[in-house]
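What follows is a set of notes on a single structure, which appears directly below.
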Amino acid sequence: MKLYLDPGHGGNDPGAVGNGLQEKEIVLDLALKIKDMLRSYPNAKVKLSRDRDEKKSLIARTNEANDWGADIFLSLHCNAFNGKARGYEDFIYNNLPANAAARNHQAVLHQKVSSAIDLPDRGQKQANFHVLRESNMPAILTENGFIDHPEDAKLMKQESWREKVAAAHVEGLVEIFKLTKTDRSSYSVIAGSFQLRKNASERIRFLQSQNISSKIKEISINGNLVHRVLAGEFSNRKDAEFQLKRLASIGIEAFIIAEK
Ligand SMILES: [Zn+2]
């Protein structure tokens, strides 16, 4: 599955604002979370319209998705209505042929997201939005709460809620595209590679002095023996990344090797 993931707005266009929040920031956070979660699915490729706070035109977004040949265009937004409305809703283009895949995709995604994110369900909708109209693939736009409503905004401020929203989008994609997880991946953290065993041992002693346990793993690279210092094997990437940060904080530049 090639997902073109589009956090709306950015740069000098904040999108909707309210309660100290900006739409461009909430949706970017959601997009980065979705991308991260999809890393466990080897058949999911993700291209972001933006991975930082930058301006990008709507035409540039749809052109990019079309040129890339995405299987789905998913645009993330938050709503606003003078503090008078709340809830979740999603949109597909309002002029689709009756059998368009976007309808089915919307039904699946809507069910997953609306049931999981603690917001009133405003329904499955259709609209003539640029990103829905100009993309060559099925396109869906989700409006994840009203930023100018105090109750919705309170949720948006919670990391745990944003995780939930991202996870619900992922669940929808998993069902639509029948994605399966990599089974039993392992992530090894390598805190140094040395030709000489004594140098590897020295690294291990240093790590020990910092309460990090490690061991030597011998491998052969192009016929040369290398002593790797293995500072942990983890079943999920987040834990391995945490270890990486811990090592960085004591001045050790480590890296992760992911294996199936
Ligand atoms: Zn928006």
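The values are calculated or read from the model by the stated rules, or taken from the named source; none is laboratory data. This structure is a prediction, so every number in the text was calculated from the model and none was measured. Please note: Cβ atoms are built from the backbone with ideal geometry, for glycine as well, and neighbour counts cover all protein chains shown. We work out accessible area using only protein heavy atoms, side chains counted, and drop any ligands, DNA or RNA first. Shrake-Rupley method; radii C 1.70, N 1.55, O 1.52, S 1.80 Å.
Annotations
- When the C-alpha to C-alpha distance is required to be over 31 Å, the pairs from Lys56/Lys112; Lys47/Lys84; Lys2/Lys154; Lys35/Lys125; Lys55/Lys164 that qualify are Lys47/Lys84; Lys2/Lys154.
- Candidate residues Tyr88, Tyr187: accessible-area rank, largest first, probe 1.4 Å: Tyr187, Tyr88
- Label point distance in nm, Lys181-Val226, each placed 7 Å from Cα along Cα→Cβ: 3.0
- Region 1-90, relative contact order [Cα under 8 Å, separation at least 6], %: 45
- Selected from Val226, Phe194, Asn211, residue furthest toward positive end of dipole (region 186-259; charges at beta carbon): Asn211
- Helix 101-114 and the longest principal axis of the C-alpha atoms of the chain enclose an angle of approximately 70°.
- Net dipole in debye of region 186-259 [+1 Lys, Arg Cβ; -1 Asp, Glu Cβ; about Cα centre; nearest 20]: 180
- Checking every one of the GluC sites (Glu not before Pro) in region 1-95 against DSSP loop status and a limit of 13 other Cβ atoms within 10 Å picks out Glu54.
- Within a straight-line Cα-Cα reach of under 23 Å, Lys217 can be paired with the following lysines, leaving aside sequence neighbours fewer than 8 residues apart in one chain: Lys198, Lys238, Lys245, Lys260.
- Here the relative contact order of region 73-128, from alpha carbon pairs under 8 Å that lie six or more residues apart, stands at 50 percent.
- Lys, Arg +1 and Asp, Glu -1 on Cβ, resulting dipole of the chain about Cα centre, debye, nearest 20: 920
- Normalising the Debye intensity of the chain to I(0), with uniform scatterers on Cα atoms only, and taking log10 at q = 0.08, 0.11, 0.15, 0.16 Å⁻¹ returns -0.42, -0.70, -1.01, -1.10.
- Restricting region 169-260 to GluC sites (Glu not before Pro) that sit in a DSSP loop and have at most 13 other Cβ atoms within 10 Å of their own Cβ leaves Glu253.
- Computed from label points 7 Å out along Cα-Cβ, the spacing between Ile256 and Asp118 is 2.7 nm.
- Using a probe of 1.4 angstrom and keeping all protein chains present, the accessible surface of region 116-253 works out to 56 square angstrom per residue.
- The long axis of helix 23-37 is offset from the longest Cα principal axis of the chain by roughly 50 degrees.
- Net charge dipole, region 142-216: roughly 920 debye, given to the nearest 20, about the Cα centre with Cβ charges of +1 for Lys and Arg and -1 for Asp and Glu.
- Seen from a random direction on average, the alpha-carbon convex hull of region 186-259 projects onto 4.6 square nanometres.
- Surface composition of the chain: carbon plus sulfur atoms contribute 46% of the solvent-accessible area (1.4 Å probe, protein chains only, all chains present).
- For the chain: relative contact order, % (alpha-carbon pairs under 8 angstrom, 6 or more apart): 19
- Computed accessible area, Val17, all protein chains, 1.4 angstrom probe, square angstrom: 80
- Efficiency of FRET from Cβ geometry, Glu159 and Asn82, R₀ 25 Å, rounded to 0.05: 0.40
- Using the Karplus relation 6.51 cos²θ - 1.76 cosθ + 1.60 with θ = phi - 60°, the per-residue 3J(HN,Hα) values for region 76-91 come to 10, 9, 10, 8, 7, 7, 6, x, 9, 9, 8, x, 10, 8, 9, 10 Hz, with x marking Gly and Pro.
- In degrees, nearest ten, helix 159-177 long axis to first principal axis of the chain (Cα): 80
- Farthest toward positive dipole pole in the chain [+1 Lys/Arg, -1 Asp/Glu at C-beta], among Ala240, His77, Val27: Ala240
- Sum of -39500 (n - 2.57) over DSSP H runs of 4+, divided by residues of the chain (222 nm, nearest 500): -11500 deg cm²/dmol
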